[in-house]
Structure formats: C-alpha cells, structure tokens
Amino acid sequence: MIINKNKKGAEKTISVYWFAILVIVAGAVIYMVSLVYGQPYDVRKIESEILASNVADCFSKGGYLNEGVLTSNFNQTFLEKCNLNLDSPDFSQSQGEYYIEASIYDFETNALIASSIKEGNPNLKIGCGAEGNKLPVCSEKSFYSIDREQKSYKINILTIVNKVEKNVQ
Amino acid sequence: MKSIIGKRGDILVGDVIFLVLNLVFLSILVIFIVTKTNDSSIVEEKYAKQIALIIDSAKPVMRINLNMEDAIDKAQDANQNIAELVKINGNVVTVKLGEKGGYSYSFFNNVNVSTYLDNSNNKEYVLIINEKNSTK
Amino acid sequence: MYNKEKNQGFFSPSIFPKSRRAQISEGLTWVVATIVIIIILLFSIFITSFYVSSKKSIDIDSFSDFHAQKSFLSYLLTNQNQENIYSKIKADSNLNNDNGNLALQIFNGLYKDDYSQIWVGVSILGEGLIGTSMNGIENEFFGRRPSSVVSGAMGSVAVKDTYYSALFLKNDTEQKFVEAAFAKKG
C-alpha cells in the first residue's frame, strides 16, 4: 500500500513537471517563430543608397556637371528638377522620413561654390553616427566632376532615410 | 483480485487524460507555427518594399516585369481578385493579398507608375514607369 | 513505516531507504534534464536572433560604388595639356606624371577611408586560370593591381569584395583597358 501511494504521488509530481517543461519549450518555440516572422525587412540602407544615386545623377551625368546646377534657381527647385517626392503618406504623423543635403566644392581649393541644398526633415541628421537600434540610416557619398569649361568640383551628398516603424521592430 | 482490477482502471484513465492534454498542447503549438509561417503579411511586406525600391531606381520610360507567383497563389487561396493585388496611389505602393490587411510603402521617385497583371502568364505584374504628368 | 536499514551504522553502504534513493535519483534526473533543455533553448534563441538580424537587413554591396564610378568617368574626361586623360593614357598605355598625380589626388583623396586598396591604371585582357582575366600594368602611383579576380571585359563588375570599373582603350597586339579597382574593407 505504501509503495503504491508513493508511486501515485510521484506520478502526479512528474506530470506537473512535464507540463512545466512543455510550457517552457512551447514558449521558446513561439518566441523564436515570432522573432523570425515578426521582424520586418530593413531596406533603408539600399533605399538611402538609391536616393544618393538619384541625387548624384541629378548633379552630374556622363562625367560632366549638369547645366544649371550652380544657379540659385536649382536650389529652390531642386526636388522638382531631380524628380523627387519626399512625402510619406504611409507614415501618418511624420515630420518627414527623408533628408537630403548636397554641397558643391571647388576641387582645388575646397571652397564651397554654391549654398548647400537641404531638403526634408533636418532633425534626422542628429541620428547619424549615433549608436542605437531605432535610428535613421545615413549614407554619405562624395564624387569628383568637371563642367564643360573643365573646371573641377567635389560634390558631397548626404541622404538619410528614417522609416523606423516599418523597418525595425 | 478485485482490488487489482480497480487499480488498473485508475491508471488507464490518468494516462489517457495525460496523453490528450499533451496532444492538445502540441496541436495548439503546431497551429500557431503553421499560421505564422503561412501568413500572407510577410509576402505583402516583401513585395511592397521590393516594388517601391524598383520604382525608386527606375527611370522613365521603363517597363518592368516582376514575378509574383507566390503572392498570386496566396491571393487565389484567399479568393482575391489577382488583377488587383498591387495598387499605386500617388507615391505609395499597396500590396493586398487578402480581404483584410495589406501593406503600404512609399517611394521617393516622382514618376507616374501604372501597374497591371500580365495576362499572358498570370504570374507576373507589369510596372510601367513614365514621367510625371505624362499621358503615355 | 519501520525500516530495518535505519538502524545500520554510519559507514554502512547507505543510510537512506531504497525507495527514497530512487525518488531522489528520479528527481535529480528531472532537474538535470530541465537545465539541459533550458540551455539548448537559450542557445537556439541566440542562434535565431543572430540569423534574424543578418537576414532581415537588405543590402546590396555592388550598388554602393556609383560615386567612385562617376569620379572615374569625370577623371578620364578631364583635360590636361589640351588633351583629355583618356586619350593620353590610350597613347601612352600607362599613367604619366600629370594624370597619375591627379588620380592620386582624386581617388586617394576622396576614397582612401572607404576602401582598403585603390588602384588606377592600364590592364591587359589575357588568359587566366579560369577563363579571361585582367592583368594590370604596375605603375608608380598605385602599385600593383589588387589580387586577381575575374572581371568583365567591358563596363563595371563587382566581384566578391573588389569593385572594378574599366573602359576599353585599344586593341593593338593586346586588348588594353583603363581600369579603376576599389577593394572593400573587411
């Protein structure tokens, strides 16, 4: 009788323990599946590179600086001339999910030729170079170009893509 | 003898309940995993972002054929009209494979984009990139 | 209730009754099993989170060198002594003092922090171990062309971790190209 009672007690304890193990394993599996399938794709790096490339093409194509780039009118109509639309209607309460800054320098003297172009949300610039998970992605590119009169230039382009809600969990 | 028969009956019921609970628990787990892995929201996100990036890097005038066979299959399973999976409104791409849900992603290239299902194979979507305010 | 073994001396094989020994052994097995299971689960979670962080971030390396390619084209179109650099390199089949120093100024000046090695010079299309390959002519400005990787005959090809941009020069005894190579860091 004693032995039978002990076995029943032991079996009940083991059953509870068994379900506890099942819950732990199930919890871990659910967490891992949620991790893999819940995490969004982060495409902001390639997006900022494409944006930088489009801006660069707007400044210089075929090896020569595009005409009108050094005029003040270009600064004012930059988005229109470069076929860019920085609105993001899919981010309802956004102050802007992009930022573009472009500057042209004399290649020999490194002097700033025209005033820098700044479009988009300038607050995003603070996130560049900072450590952290939910920060905007920045892309900084420089290239050499000449105009038709053979004057040489250095063009710096900074592009920033925020869109944290749709790219980072 | 009588006492032995009674004890055997108790053990059997206990074991059966134990097994059933295990099966129920594992079934719930498997259903969760299958639901998550077959979820169309991942495919919606994938194509919305892919199409937005394609439009961003495209120039007018371009025609791009994008194979969306897996998305079309999922939409067909959900009895959706496969000709209306991808919609472009302004500079926002929306991919919707079911009655509920859908994923939107904006692009920055200021171009006119039209999209339709390639009826020749029903596996690809065609993107036509034109200049803004173009009637082509 | 009464157990004979209880009355055994201290140095007896066991002071615990057999039934209790079995229960302790069984209990210990469960504890060890639980610990092993938890360790395996934590390891799996760690591997999964590592996999997710690497797979869900989309990046295409070959796209990011457009600026170097633009600089290369502008460099070749730059005039020196009433002649563009492309024509001069084509005539000389190598860099000279003027265009070599300008190349250093442009490419090392703009990209030395972005790439582990930069090379600009003239290459000859020849036969390699696997198909055709570019054999760079060593020059005093950039040294030797970065270690051999098969690159395309025309245009730009991003292979492994080195990006090449090449323009056809001439085809006399050999096919020659003016080429820029940018080897990525890491």
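General observations
- Whether chain B is rounded, prolate or oblate, judged on the alpha carbon gyration tensor where a/c under 1.5 counts as rounded: prolate
- Comparing A:LEU35, A:LEU86, A:LEU51 in a Gaussian network model of chain A, where Cα atoms under 10 Å apart are tied by springs, the biggest mean-square fluctuation is seen for A:LEU35.
- Rounded percent of accessible protein surface that carbon and sulfur make up, segment B:40-131, 1.4 Å probe: 42
- A simple packing score, the average count of other Cβ atoms within 10 Å per residue, orders the peptides A:127-135, C:95-103 as C:95-103, A:127-135, with the highest score first.
- Counting Cβ atoms of other protein chains within 10 Å of each residue's Cβ and taking the mean over peptide B:37-44 gives 2.
- In the structure shown, the pairs C:LYS112/C:LYS184; A:LYS134/A:LYS154; B:LYS74/B:LYS96; A:LYS134/C:LYS112 are assessed against 20 Å; a Cα-Cα span above that value is assigned to A:LYS134/A:LYS154; A:LYS134/C:LYS112.
- Considering only alpha-carbon pairs that sit under 8 angstrom and 6 or more positions apart, the relative contact order computed for chain B is 25 percent.
- When chain B is described by a simple charge dipole with +1 on each Lys and Arg Cβ and -1 on each Asp and Glu Cβ, the residue from B:THR37, B:ILE82, B:TYR47 located farthest towards its positive end is B:THR37.
- Atom-type composition of the exposed protein surface of chain A places 52 percent of the accessible area on carbon and sulfur (1.4 angstrom probe).
- Straight-line reach from B:LYS59: taking Cα to Cα under 14 Å and skipping same-chain neighbours fewer than 8 places apart, the aspartates and glutamates in range are A:ASP57, B:GLU131.
- Chain A packed on chain C takes about 3500 Å² of accessible surface away from a 1.4 Å probe, both sides summed.
- Neighbouring partner chain Cβ atoms per residue of C:79-85, average, 10 Å criterion: 1
- Remark: mean inter-chain Cβ contacts per residue of B:86-99 equal 1, using a 10 Å Cβ-Cβ cutoff to other protein chain atoms.
- Within a Gaussian network of chain A (alpha carbon springs, distance under 10 Å), most fluctuating of A:SER92, A:SER72, A:SER15: A:SER15
- Three-way shape call for segment A:74-158 based on the alpha-carbon gyration tensor, with the a/c threshold at 1.5: oblate
- Straight-line reach from A:LYS61: taking Cα to Cα under 14 Å and skipping same-chain neighbours fewer than 8 places apart, the aspartates and glutamates in range are A:ASP147.
- Per-residue HN-Hα couplings for segment B:115-132 [Karplus 6.51, -1.76, 1.60; θ = phi - 60°; Hz; x = Gly/Pro]: 9, 7, 6, 6, 6, 6, 10, 6, 10, 10, 10, 9, 10, 10, 9, 10, 5, 5
- Per the accessible-area calculation with a 1.4 Å probe, the total area buried between chain A and chain B rounds to 2900 Å².
The values are calculated or read from the model by the stated rules, or taken from the named source; none is laboratory data. In this text the structure is predicted, and so the values were computed from the model without any measurement. When we count neighbours, we look across all protein chains shown, and the Cβ atoms used for this are built from the backbone with ideal geometry, even at glycine. The area values use the complete protein model at the heavy-atom level, side chains included, leaving out ligands, DNA and RNA. Shrake-Rupley method; radii C 1.70, N 1.55, O 1.52, S 1.80 Å.
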